[in-house]
Amino acid sequence: LVNVVFKNLDALHFDANVGTLVDAWDGKKAKRVTTYDAAYALAALQIFQRSQDALPVGYASADAGESIGSQRGKRALAIIKAQADFIVNKLTGKNGLVADYYTLGKGVSNTQTLGTQFATIRGLSAAFKATGDARYKEAARKLFLAIEKHMFDKAIGTYANVPGQATE
């Protein structure tokens, strides 16, 4: 079942021309990339890649082990790299936060919500673990610092989409 889901993701949702996963397929690939979904896809792809390459999976798994370098594992790594690069290069704003979505041919949204930021940290961390590329770890750290700067509401002692305004 997981192989069918991966084939679907690769064939119907990965836009190789742009290097990103799009949200939907309705006879053709959609034009929207929801950052939250793309970030969590990185986490799922990391687990998939490890399972395909006979490496331990799960939160308590050891990092030890030698990859068998399966074709599906290699393809998952290629998608992980492309998606993580897309997030870092296309979705990160001048303030260091990531946009909530990207529309192909148009660009980034003007919204940057808290859930998207933390999902992106999780996704970039998974990309770092899968690839060993320190750029993704550094991007996650920079994003966290931007969240601290722009989204921490000192008055209530927690994070908010807009500090100083009512939040859930």
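The values are calculated or read from the model by the stated rules, or taken from the named source; none is laboratory data. These numbers come from a predicted model, not from an experiment. As a convention, Cβ positions derive from the backbone with ideal geometry for all residues, glycine included, and neighbour counts pool all protein chains shown. In case anyone asks, the SASA skips ligands and DNA or RNA and just uses the protein heavy atoms, side chains included. Shrake-Rupley method; radii C 1.70, N 1.55, O 1.52, S 1.80 Å.
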Quick check on the stretch 73-83. Is at least one of its residues in contact with a Ser or Thr (Cβ under 9 Å, 6 or more places away or on another chain), crowded, with 17+ Cβ neighbours inside 10 Å and under 29 Å from GLU168 (Cα atoms)?
no
Give just the number: which of (1) buried (at least 18 other Cβ atoms within 10 Å of the Cβ); (2) at positive phi does GLY132 not satisfy?
(1)
Keeping to the stretch 129-168, report how many residues are of a type in the set (D, E, K, R) and under 30 Å from LEU55 (Cα atoms).
7
Filter the stretch 93-120 for residues that are without any contact (Cβ under 8 Å) to a residue 60 or more places away in the chain, open to solvent by 10 Å² or more (accessible area, probe 1.4 Å) and within 12 Å of the chain's Cα centre (by Cα) and give the result.
PHE118
Would a scan of the stretch 3-12 turn up a residue that is of a type in the set (Val, Ile, Thr), open to solvent by 10 Å² or more (accessible area, probe 1.4 Å) and free of Cβ contacts under 8 Å to residues at least 60 places away in the same chain?
yes
Any idea how many residues of the stretch 85-117 are farther than 27 Å from THR158 by Cβ and in a strand (DSSP E or B)?
3
Looking at the structure I just gave you, is GLU168 open to solvent by less than 80 Å² (accessible area, probe 1.4 Å) and acidic (Asp, Glu)?
no
